[in-house]
Amino acid sequence: MPAFSLEPPQIAWAAELRALAADRLHPLAEKGEPGHVNRPLVTELGRLGLLSRLFTSGALDLCLMRESLAYACTEAETALALQGLGAHPVHAHGTPAQRKRWLPRVAEGTAVAAFALSEPGAGSDAAALTLRAERESARRAGAPGAESGAPLAAESDGPARWRLTGEKCWISNAPEADFYTVFARTTPGAGARGVTAFLVPADRPGLTGAALDMLSPHPIGSLDFDAVPVTADDVLGETDRGFRVAMDTLNLFRPSVGAFAVGMARAALDATLAHTARRDAFGGKLRDLQTVAHQVAEMALRTEAARLMVYAAATAYDEGAPDVPGRAAMAKLLATETAQYVVDAAVQLHGARALRRGHLLEHLYREVRAPRIYEGASEVQRGIIAKELYANLEAAEAMDAVDPVSAQEADA
């Protein structure tokens, strides 16, 4: 399917989602308590079948869901996205037992998921994680038989066991989630190659959390791990290969963060079109002022460009293209920066009324800032893009060195 167009069923589905968000989800969102999981809203997302689609749809469908929900109810969009972000590693890398236990509950909206990657000293730099997963022996000092001088079993005897010690911070849905996808260092000094992903239920002994007072309608908190026990049965994917689990998840969700941003930008643009078409000023309508008309045109131009890049990145992911990391970074970067610009311009054209508590643009103005930071800040996305560009250059130069004839033909 071309990345720049949608099929009629997709267009109709997006319109249906916008209507559902306005009619059924927004009223529930308004009843939620800021800083806490809105469980009735999550349950309704499950009842509507949207959460189950997280595990059956591709990246483009995920983008359509997030964009459409964001247009009418950002709280519903975020609740859906966080369920997907926390549960996707279980869906894509979990064992049959892990998937059987948690995914049906996530799809129903009866279990809340969270993605626990960031730390106080390692936000966007996932390879710098310091949460320790310390390997236990199958039998430890003090175990039956140890006092008699019997030899301790080797670490390889029995299933692998670890104790998680350290802290996570800026975790969405913490400390109220029912389970966490946690990334911890199993091999010290190994960088990205020494990280393992674990599925950690919230009721594990030694796991506590605290809410952070943030500019956010959903909970964001810290998690403290005090020798939290995990075993091989809790590993997602392979030991020491958790960085791959994290990047696989982020490559899928980064374009859809862009879709969230596009949904907010489109809502701000439509509100601005309606306002400038009706508002009397200087003997006519605001729309008649060239400066206003050009500003609205620029808002529309940037929003459409961001939408197309988001769809292109999502399509590349669905088709298994090799350049997904770079495309995903470009889509998130352009869309989130664009949404910030569009919402800010919309506020300017509306004037003081847009900053009144409860106004759509006042809400969007608060919501639009965070996506430029989470799941990799804008600066990180630029770094990813540059890294991919230079890697492609080096690969091309290596190919030319292997096939000098082709290189000469290209120069000619």
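Any read-out appearing in this document is the output of simple, stated calculations on the displayed coordinates, not a laboratory observation. Owing to the predicted nature of the structure, the values given are computational and were not obtained by experimental measurement. FYI the Cβ positions are ideal-geometry reconstructions off the backbone, even for glycines, and counts take in every protein chain you see.
Given the peptides 344-357, 247-260, arrange them by the average over their residues of other C-beta atoms within 10 Å, most packed first. If you can, show how the numbers build up before the last one.
Values: 344-357: 15.8, 247-260: 25.4.
Top to bottom by mean Cβ count within 10 Å: 247-260, 344-357.
What FRET efficiency do you get for LEU289 and THR95 if R0 is 60 Å and r is their Cβ-Cβ distance, rounded to the nearest 0.05? Before the final figure, lay out the partial values.
On the way: r = 62 Å, r/R0 = 1.03.
After rounding to 0.05, the efficiency reads 0.45.
Which of rounded, prolate, oblate describes the range 244-399, given a ≥ b ≥ c as roots of the alpha-carbon gyration tensor eigenvalues and a/c under 1.5 marking rounded, otherwise prolate only if a/b is larger than b/c? Intermediate results must be reported in sequence, preceding the final value.
Working: a/c = 3.05, a/b = 2.25, b/c = 1.35.
Because a/c hits 1.5 or more and a/b exceeds b/c, the range 244-399 counts as prolate.
Using amide H atoms built 1.01 Å from N in the peptide plane, name the residues 5+ places from GLY209, or on other chains, whose amide H lies under 5 Å from its own.
The answer is ASP224.
So for LYS285, LYS168, LYS332, fewest C-beta neighbours within 10 Å to most, what's the order? The partial results should precede the final answer.
Values: LYS285 14, LYS168 27, LYS332 34.
Ranked by crowding around the Cβ, least crowded first: LYS285, LYS168, LYS332.
Going by average Cβ density within 10 Å per residue, which order do the peptides 26-38, 307-319 take, highest to lowest? List each step's numbers first, then the result.
Working: 26-38: 15.8, 307-319: 23.0.
The most tightly packed comes first, giving 307-319, 26-38.
Using only alpha carbon positions, build the gyration tensor of the range 148-279, then give the equivalent ellipsoid semi-axes as the square roots of 5 times its eigenvalues, largest first, whole angstrom. Don't skip to the answer; put the middle values down first.
Numbers: eigenvalues 359, 63, 22 Å².
Value: 42, 18, 10 Å, ordered largest first.
How long are the three semi-axes of the equivalent ellipsoid of the chain, in whole Å, if each is the root of 5 times an eigenvalue of the C-alpha gyration tensor, listed from largest down? Don't skip to the end; give the middle numbers.
Values: eigenvalues 346, 162, 68 Å².
In descending order, the three semi-axes are 42, 28, 18 Å.
Binning at 10 Å from 0, report for the range 268-323 what percent of all alpha-carbon pair distances ends up in each bin.
Binned Cα distances yield the sequence 22, 34, 19, 15, 8, 2.
Quick one: among GLY84, GLY189, GLY94, which has the greatest mean-square fluctuation in a GNM of the chain with alpha-carbon springs under 10 angstrom?
Residue with maximal mean-square fluctuation among GLY84, GLY189, GLY94: GLY189.
Stretched out fully, how many nm does the piece from ALA19 to ALA321 gain, at 0.36 nm a residue minus the Cα gap? Can you show the working numbers first?
Details: separation 302, 0.36 × 302 = 108.72 nm, distance 3.33 nm.
Using 0.36 nm per residue and subtracting the Cα-Cα distance, I get 105.4 nm.
If a paramagnetic tag sat 7 Å from the Cα of ARG47 along the Cα-Cβ line, which residues of the range 98-114 would have the backbone N under 18 Å from that point?
Those under the cut-off are 105-112.
Taking LYS387 as the anchor, which lysines have their alpha carbon closer than 17 Å to its alpha carbon, excluding any fewer than eight residues away along the same chain?
LYS332
If each DSSP helix of 4+ residues adds -39,500 (n - 2.57) and the sum is divided by the residues in the chain, what number results at 222 nm, nearest 500 deg cm²/dmol?
On the way: 12 runs with 209 residues, N = 412.
Helix-only estimate at 222 nm: -17000 deg cm²/dmol.
Could you line up MET214, MET65, MET299 from fewest to most neighbouring Cβ atoms inside 10 Å?
MET214, MET299, MET65
If a/c stays under 1.5 just call it rounded; otherwise compare a/b with b/c (prolate if a/b is bigger, oblate if not). Do that for the range 28-107, with a ≥ b ≥ c from the square roots of the Cα gyration tensor eigenvalues.
Working: a/c = 2.24, a/b = 1.44, b/c = 1.56.
It comes out oblate by the Cα gyration axes.
I need the peptides 191-203, 45-57, 272-284, 110-122 ranked by packing, meaning the mean over residues of other C-beta atoms within 10 angstrom, with the highest value on top.
On the way: 191-203: 20.2, 45-57: 18.4, 272-284: 13.5, 110-122: 21.8.
The peptides rank, most packed first, as 110-122, 191-203, 45-57, 272-284.
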